[in-house]
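This report refers to the structure that appears directly beneath it.
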Amino acid sequence: MKIINKNRFSLVKYSLLCLMGLSFGLSAEAQSKKVVLDISHEDKAIYQSVNPEIFSKYEAIVQAIPDAELIINEDGDLDAGLLDEAAALIILSPLKRDREVRKKDLTPAEIAAVTAYIDRGGRMMLFMDEEHRVDMEAFGANKLIQPYGMELGADLPMFPNIGAASVISEPVKEIYELSYSGSRSLTGGTPISYMNGEDKYVHGAWVETDNGAKVIAFGETMTGLFMGNVEATMQNGMKVIWKGKDDPLFIADLIVWMLD
């Protein structure tokens, strides 16, 4: 089945695809747009322990986009060989400070390769979790986004399960309910989402450069893990269902915008 390529991914289309369990392959004559999901700095099982459906949801989102293909980079380097083929790059934050993986942090070579990729018009979305889960300075997150006018900072006050909401903007045309329970500060760029409540801390922001590069950053990772509607057991034994039912729709809009 061939789908006519449209500029924006339809909310209705994605909802129907999810309900019907459908996905669409690439047309034989089309060149695929490779979306690289980088999890090479954390054990894949850690992400799955937080949300067992995380990777199937990324696959459903990308497969529903005409001529798009998901590549999960589990342990390879973020180098020119990988990035030259990437239409978009998504970097998920590590979730454990004491992780034991081949690459705990971004290497200088990876930072240089990602920067070169963006400078030639690449598209990147970065999720960076709070300091008790990841040493941001050691990881090198700001080296990826500071050249483009954004900066991640210290952890903000915790507001358990308060949630966040998107704002209507160039990348997103809907107001979505998003997961949020705490984050780092994020300055610069154009806000794409805010924490709920009076303080309304910036949750995510975006930049588009003169050469067409697109950079999105978040000061937390719940939204990128699709934590909305996931049940969790707190340390005190209390169970909670995270707000953020629209996480997949929000991320779908952002991926489509990056690929546009």
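The values are calculated or read from the model by the stated rules, or taken from the named source; none is laboratory data. Because the structure is predicted, anything quoted here is derived from the model rather than measured. Cβ placement follows ideal geometry from the backbone for every residue including glycine, while neighbour counts extend to all protein chains displayed.
So, in segment 131-153, exactly how many residues are assigned to a helix (DSSP H, G or I), out of contact with any helix residue (DSSP H, G or I) (no Cβ under 6 Å at 6 or more places or on another chain), farther than 15 Å from LEU92 by Cα and touching a residue at least 12 places away in the same chain (Cβ under 8 Å)?
So in segment 131-153, the residues assigned to a helix (DSSP H, G or I) come out as 136-139, 141-148.
Applying the additional criterion that residues be out of contact with any helix residue (DSSP H, G or I) (no Cβ under 6 Å at 6 or more places or on another chain) yields 136-139, 141-142, 145-148.
Filter once more, keeping what is farther than 15 Å from LEU92 by Cα: 137-138, 146-148.
Remaining after also requiring touching a residue at least 12 places away in the same chain (Cβ under 8 Å): 138, 147-148.
Number of matching residues: 3.
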Residue count for segment 34-56, restricted to those that are more than 21 Å from GLU231 (Cβ to Cβ) and assigned to a loop (DSSP other than H, G, I, E, B)
5
Can you find a residue in segment 234-243 that is more than 18 Å from GLN48 (Cα to Cα), modelled with pLDDT of 95 or more and of a type outside the set (Val, Ile, Thr)?
yes
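Restricting segment 199-245 to residues that are hydrophobic (A, V, I, L, M, F, W, C) and more than 21 Å from ILE90 (Cα to Cα), which is surrounded by the fewest Cβ atoms within 10 Å (Cβ to Cβ)? Full working, then the answer.
At the first step, the residues of segment 199-245 found to be hydrophobic (A, V, I, L, M, F, W, C) are 202, 205-207, 213, 215-218, 222, 225-227, 230, 232, 234, 238, 240-242.
Filter once more, so that each one left must be more than 21 Å from ILE90 (Cα to Cα): 230, 232, 234, 238, 240-242.
Details: VAL230: 19, ALA232: 14, MET234: 10, MET238: 8, VAL240: 13, ILE241: 13, TRP242: 22.
Within segment 199-245, the match that is surrounded by the fewest Cβ atoms within 10 Å (Cβ to Cβ) is MET238.
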Within segment 86-96, restricting to residues that are in contact with a strand residue (DSSP E or B) (Cβ under 9 Å, 6 or more places away or on another chain) and in a loop (DSSP other than H, G, I, E, B), the one that is surrounded by the fewest Cβ atoms within 10 Å (Cβ to Cβ) is LEU92
Mind checking which pairs have a first residue in segment 185-202 that is free of Cβ contacts under 8 Å to residues at least 12 places away in the same chain and a second that is buried (at least 16 other Cβ atoms within 10 Å of the Cβ) and part of a strand (DSSP E or B), Cβ under 9 Å, 6 or more apart or different chains?
LYS200/TYR194
Within segment 97-123, track down each residue that is surrounded by 14 or more Cβ atoms within 10 Å (Cβ to Cβ), free of Cβ contacts under 8 Å to residues at least 60 places away in the same chain and in a loop (DSSP other than H, G, I, E, B).
ARG99, THR107
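Taking the condition at pLDDT below 95, within 20 Å of LYS34 (Cα to Cα) and touching a Ser or Thr at 6+ places or on another chain (Cβ under 8 Å), does ASP75 pass? Before the answer, list the steps.
Values: at pLDDT below 95: yes; within 20 Å of LYS34 (Cα to Cα): yes; touching a Ser or Thr at 6+ places or on another chain (Cβ under 8 Å): yes.
Criteria met by ASP75.
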If you take the residues of segment 40-68 that are surrounded by 17 or more Cβ atoms within 10 Å (Cβ to Cβ) and hydroxyl-bearing (Ser, Thr, Tyr), which of them is nearest to GLU100 (Cα to Cα)?
SER40
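Could you please find all residues in segment 236-250 being of a type outside the set (Phe, Trp, Tyr) and either closer than 28 Å to LEU126 by Cβ or in contact with a strand residue (DSSP E or B) (Cβ under 7 Å, 6 or more places away or on another chain) (or both)?
Just the residues of segment 236-250 that are of a type outside the set (Phe, Trp, Tyr), to begin with: 236-241, 243-249.
Passing the criteria: LYS239, VAL240, ILE241, LYS243, GLY244, LYS245, ASP246, ASP247, PRO248, LEU249.
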